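All remarks here apply to the structure that follows.
The values are calculated or read from the model by the stated rules, or taken from the named source; none is laboratory data. Since we're looking at a predicted model, the values are computed, not measured. Glycine gets a Cβ as well: all are built from the backbone with ideal geometry, and neighbour counts include every protein chain shown. Surface accessibility is based on the protein's heavy atoms, side chains included, excluding ligands, DNA and RNA. Shrake-Rupley method; radii C 1.70, N 1.55, O 1.52, S 1.80 Å.
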Protein chains: 2
Amino acid sequence: MARKEFRDLATPEQAHEAIRSLSLEGGIDRVPLSEARGRVLVTRVDAELDVPGFDRSSLDGYALRASDTFGADEADPARLELVGEVHAGEEPGLEVEPGEAVEISTGAVMPPGADTMVPVERTDLEDGTVLVRTSVAPGDNVMFAGADVAAGERALGPGTQLTPRETGLLSALGVDEVPVRSRPRVGIVSTGDELVRPGGDLESARGQIYDVNSYTVAAGVEEAGGEAVLYPHAGDDPAEMERVLREAAEGCDLVLSSGSTSASAVDVIYRVIEEQGELLLHGVSVKPGKPMLIGRLERSDSAGRSAYVGLPGYPVSAMMVFRTFVAPAIREAAGVPEPETATLTGRLAREERSEQGRHRLLPVGVTTDGDGEYLVYPVDKGSGATTSLVEADGVVEIDADTDYLEVGATLEVRLFSPDRRLPTLFGVGEDDPTLNRVLDRLVRPRYLPIGSRPALRRLRTGAPDVAVVAGPVEPDREPEGTELGSWDREWGLIVPAGNPAEVEGLESLVDRDLRFVNRTTDSGLRTSLGVALAELADERGQDRHDLTAAIDGFDLGLRAHESPARRVIAGEADVALGLQETAERLSLGFVSLGEQPVQVWAAADRIDKPGVRELKSALRKKLE
Amino acid sequence: MARKEFRDLATPEQAHEAIRSLSLEGGIDRVPLSEARGRVLVTRVDAELDVPGFDRSSLDGYALRASDTFGADEADPARLELVGEVHAGEEPGLEVEPGEAVEISTGAVMPPGADTMVPVERTDLEDGTVLVRTSVAPGDNVMFAGADVAAGERALGPGTQLTPRETGLLSALGVDEVPVRSRPRVGIVSTGDELVRPGGDLESARGQIYDVNSYTVAAGVEEAGGEAVLYPHAGDDPAEMERVLREAAEGCDLVLSSGSTSASAVDVIYRVIEEQGELLLHGVSVKPGKPMLIGRLERSDSAGRSAYVGLPGYPVSAMMVFRTFVAPAIREAAGVPEPETATLTGRLAREERSEQGRHRLLPVGVTTDGDGEYLVYPVDKGSGATTSLVEADGVVEIDADTDYLEVGATLEVRLFSPDRRLPTLFGVGEDDPTLNRVLDRLVRPRYLPIGSRPALRRLRTGAPDVAVVAGPVEPDREPEGTELGSWDREWGLIVPAGNPAEVEGLESLVDRDLRFVNRTTDSGLRTSLGVALAELADERGQDRHDLTAAIDGFDLGLRAHESPARRVIAGEADVALGLQETAERLSLGFVSLGEQPVQVWAAADRIDKPGVRELKSALRKKLE
């Protein structure tokens, strides 16, 4: 079947419109009150009874006739005959006549004849006579039937989301089951031969990766008030994919798939939609999200249709398109409006250029400056990176006409999670095990291990609070700011346990035929290695580049402090650049090449930010 | 057993301290990733593998050697031999030699030999030869193994609460089960002979009421990150109460009970705590909350102890004490910090006086003024009222030294529910069925049916946005503000179906021996009745008071518009004041006494508040 042609890309507004037209509403659930928290009432609840259902004493004391206490005071108490008692949960067995009083407890039914009560503190009891030392008016300290809620009153309106307080009011009305909106059922179909469900075995040589989107989108669906249903992974087999898609359509109000970018996958989705449903839109002028697919899938039992939306494959792209286009529709169907806190307004920390002509979704991180104002910075790791998921807090929409945003521009951020729990600290710099332990002591820190040099650059741009720098720092590149703390770490060459190749130092690396694994040039370890090699070159009267050229693997740099060591474990290298601590932790051999300082620098205007103070104090404790 | 004496009431800070000392932490749960949303990591998660696990093509195109493209451009493409293809999820079956290219899809493994890739858009294919129309550098469009997450990197810190994004990162790392903090188990024990669980039959004559606190507190526990366990209602039987308390202590980290104010109930709680545990505190200098009881219950298996806190009995008091003292401890134990949005700062709308010498918890409602600033007003229905639960948004603490708060004072409000969903509209006034239908069309309105006259008074104090007034308004009491809309309603006497007593009008009520049920003096219906009786008195040349005195039940006023009619249904009255619409809805007879206007007035400074605009438009639609 030929693919339907959509000549022009749809606008973002047309995509919103198409999704709105899908109508994701489920039906009505009747749920027990104890499970109703967070659900949304379908209909108005009017009170079916008076609360309280009887005239009720508000205090412990005596029920009596007000007229019997007129003129009574401390000095001249009214004297009434005690004729009985009534407790909460009891039917009064007697009537109060003039001159009489009945002992009554809080919450008990006012006995007939009594029109008021006096609290026990204002009375004395003497041989069966109650001395009332105050005068009371009719109705004092009595809650009349219906005074709290009167039968027929509007108690809760349709669309009310049930918090503990509404639960309380419904309990008072005796309601133990409530009609609430069904949560929209959202089926999640994952396709692609390369995807493996977390927990499964990964064959990296075959290019397999773990399936990220299924779980991320499922959690996003639940957060938006929907019910997520994960369908078995379909791979790229067209027949199996078609079967899974149809099964999901039968069982769900909405089916989401992500990626499925391979031609065969798109063909299957097209076939299912075209044969049994309706394709509303393919291709939106938004980056990312261009290949978005929106349609309806007919159900075999003719019980309506299921909506279908195809999301991009890269996790951050999928999340941004989900957040921008799909989550609002699920919330609408679930009757759970977006909390006010789901958006915030902040200033852009560094300039951003955009290609003109395409609406853009920009993943951003949010931090606060020294004055507690929100600072917004683009997360630019590339949409293929899953780490961007936790590095970005939300998405900014940039319209097609904007090609440049200046520093300080005011932006509206739609947060990925509506309960605004932003990081308390934003740090960048060297990957270091001591630092990792310090970070463990902080509440919600964000730390991006981008390396020492880029960290100093970014500290100057104004977004991060702190930069962590390892190794020698050139004097003219001294960080601007305040040093919060520093420590030394021993670095050198990591070798297999027992050092079977008898590596002795840098000379071995240069002079012998060893497979080496380096760190990236951003890393302070690499800088120290460079300095050591330059010294060795000086000693030998050789050129430094001849030395590095002699090292097999010198140009292959890995990002994290443990990665080179793991290559040694895997037998893919004989020697790796690394830390003594790493070698010890992984039970490997180690040849020391020296110590290098690790310094934590804070931007000058962030010294008093609570997260920075916390870091300073954690550093002090750790380093003591 | 004698009760332990606590000579002085504890301070609120001592109560916080005592609860903190109880240590409510549970253990560690291992949960599947798909059920981990909102849970809190116990330990740090480091990456156990590189992501991606292989050098990965970022686009569709051709994998090749960068050196083969040096100098290539649109006019002078490099010409490479196409030697094969590699798709996502496949192991490359060949090596790329100089002068060769391999077709590669997004996400596929880079074949050995190739050090870069060129996107398909920059190429042409001619008879097995790839024309590359641009030069590329090594590494272009390739995500190297570990570039996203490198093995050994710190991925997520301990204490991280898992949102969809963290779920995504964990998926990428292949983690399908995570160690999270157990949610503290909180047992809820309800006592009191007068309590009936919602859904059960209520005997009002015996003074029974529905159990409000169990469900409210349970929902509050869940909201704070705990797991609520409702134990069977124990009544006031000491042996049964003791059994339930002990059972709850065995199974829970914390046991809460509320009310249990009867002497025998307190005795049982004392006995259980004293015999098997430790009483930390009884009595706190806070209003409400004075009788608060804090202690530990020993478990029979010596597997630690359960904490115990006794809450006040009145629902709003219980909620305020729970919110102030208990919820923070549950959150701490669950590792779920309070969202920033759980508190807000606003101005006091009307002055408030306090008794000096006792720390006070004041239930407040929150609304916004015309400028969108928060206005805070005390909810003063009395703590016995369950409706206060939905009328209050949070609690303000007033310390023991403050006896007066002036209008405009800045207050910090701790909201009952942390997701700040405040009412969009705050209205007060007449209870009216037409109005109820209009309210049903609005999103989160708050409407307090306090009657017409009090509504006009409160509109002037500045908290409400609108007042709804029924019946004749005296010229000098004309509301200040703008009328948003009005309609007429037919009022009169509601009688049993068929009007068996042949009531003909006001004369019947005055001259015959009929049991009448009135509305409260606040109600516009009552005002209209008063006017009609005054006219009748004029006609007859009689005193108005003689007429009202002749009506049996004239002084008994009920609050809601349906309540009097329900007395007629119950056979407790022959005639009730009410609306034609009510009579019709309840299939009762009706004798018309006229029509009265219902007017909706908005405060002058709220005309442009979104909720008021919404109301105005809903009124227009309704009344058209």
Out of A:A570, A:A602, sole residue that is under 22 Å from A:P449 (Cβ atoms), in contact (Cβ under 8 Å) with a residue 12 or more places away in the chain and hydrophobic (A, V, I, L, M, F, W, C):
A:A602
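Give me a count of the residues in the stretch B:406-415 that are open to solvent by 10 Å² or more (accessible area, probe 1.4 Å) and within 22 Å of B:F322 (Cβ to Cβ).
Looking only at that region, the number is 3.
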Against the conditions (1) touching a residue at least 24 places away in the same chain (Cβ under 8 Å); (2) open to solvent by less than 60 Å² (accessible area, probe 1.4 Å); (3) over 42 Å from the mean Cα position of the chain (by Cα), where does B:T520 fall short? Just the number, please.
(3)
Out of A:D552, A:D538, I need the residue that is more than 14 Å from chain B (Cβ to nearest Cβ) and in contact with an Asp or Glu (Cβ under 8 Å, 6 or more places away or on another chain). Which one?
A:D552
Search result, residues across the stretch B:428-450 that are more than 10 Å from every other protein chain (Cβ to nearest Cβ), of a type outside the set (A, V, I, L, M) and open to solvent by 10 Å² or more (accessible area, probe 1.4 Å)
B:T434
Which one is farthest from A:I330 (Cα to Cα), of the residues in the stretch A:21-48 that are part of a helix (DSSP H, G or I) and either out of contact with any helix residue (DSSP H, G or I) (no Cβ under 8 Å at 6 or more places or on another chain) or open to solvent by less than 30 Å² (accessible area, probe 1.4 Å) (or both)?
A:L33
Among the residues of the stretch B:101-121, is any polar (S, T, N, Q), touching a helix residue (DSSP H, G or I) at 6+ places or on another chain (Cβ under 9 Å) and surrounded by 20 or more Cβ atoms within 10 Å (Cβ to Cβ)?
yes
If you check B:T134 against the conditions, is it open to solvent by 20 Å² or more (accessible area, probe 1.4 Å), away from every other protein chain (no Cβ under 11 Å) and β-branched (V, I, T)?
yes
Given the conditions (1) more than 8 Å from chain B (Cβ to nearest Cβ); (2) open to solvent by 30 Å² or more (accessible area, probe 1.4 Å); (3) under 20 Å from A:E227 (Cβ atoms), which single one is not true for A:V189?
(2)
Would you confirm whether or not the stretch B:324-335 contains a residue that is among the hydrophobic types (A, V, I, L, M, F, W, C), assigned by TED's automatic domain parsing to the domain that holds B:R271 and farther than 20 Å from B:R414 by Cβ?
no
Consider B:E17 against the criteria (1) over 30 Å from B:P164 (Cα atoms); (2) outside the structural domain of B:A224 (by TED's automatic domain parsing); (3) open to solvent by 20 Å² or more (accessible area, probe 1.4 Å): it satisfies all of them except one. Which criterion is unmet?
(2)
Checking the structure you have, find out if any residue of the stretch A:30-45 is of a type in the set (D, E) and either within 30 Å of A:L279 (Cβ to Cβ) or in contact (Cβ under 8 Å) with a residue 40 or more places away in the chain (or both).
no
When the stretch A:56-107 is checked residue by residue, the ones that are more than 14 Å from chain B (Cβ to nearest Cβ) and part of a strand (DSSP E or B) are A:Y62, A:L64, A:A78, A:R79, A:L80, A:E81, A:L82, A:V83, A:G84, A:E100, A:A101
Checking B:V468 against (1) surrounded by fewer than 22 Cβ atoms within 10 Å (Cβ to Cβ); (2) within 14 Å of chain A (Cβ to nearest Cβ), only one condition comes out false. Which one?
(1)
Could you say which residue among A:G408, A:G372 is of a type in the set (G, A, S), over 28 Å from A:P328 (Cβ atoms) and within 13 Å of chain B (Cβ to nearest Cβ)?
A:G372
Condition test on B:V531, is it within 14 Å of another protein chain (Cβ to nearest Cβ) and either in contact (Cβ under 8 Å) with a residue 24 or more places away in the chain or touching a Cys at 6+ places or on another chain (Cβ under 7 Å) (or both)?
no
With respect to B:S58, is the statement that it is touching a residue at least 40 places away in the same chain (Cβ under 8 Å) and either touching a Phe, Trp or Tyr at 6+ places or on another chain (Cβ under 8 Å) or open to solvent by 10 Å² or more (accessible area, probe 1.4 Å) (or both) true?
yes
Options A:P158, A:P179: the member that is assigned to a strand (DSSP E or B) and either open to solvent by 20 Å² or more (accessible area, probe 1.4 Å) or outside the structural domain of A:Y308 (by TED's automatic domain parsing) (or both):
A:P179
Report, by residue number, each residue of the stretch A:543-565 that is farther than 21 Å from A:L448 by Cβ and surrounded by 24 or more Cβ atoms within 10 Å (Cβ to Cβ).
A:A565
In the stretch B:210-245, what residues are without any contact (Cβ under 8 Å) to a residue 24 or more places away in the chain, within 12 Å of chain A (Cβ to nearest Cβ) and open to solvent by 20 Å² or more (accessible area, probe 1.4 Å)?
B:Y210, B:Y215, B:E222, B:D237
For B:L169, the lone unmet condition from (1) in the same structural domain as B:G251 (by TED's automatic domain parsing); (2) free of Cβ contacts under 8 Å to residues at least 24 places away in the same chain is (1)
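Just a yes or no: is a residue in the stretch A:420-435 touching a residue at least 40 places away in the same chain (Cβ under 8 Å), of a type in the set (G, A, S) and in a strand (DSSP E or B)?
Checked the stretch A:420-435: at least one residue is touching a residue at least 40 places away in the same chain (Cβ under 8 Å), of a type in the set (G, A, S) and in a strand (DSSP E or B).
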Every residue from the stretch A:313-339 that is more than 11 Å from chain B (Cβ to nearest Cβ) and either open to solvent by 10 Å² or more (accessible area, probe 1.4 Å) or closer than 30 Å to B:R444 by Cβ (or both)
A:M320, A:V321, A:T324, A:F325, A:V326, A:P328, A:A329, A:I330, A:R331, A:E332, A:A333, A:A334
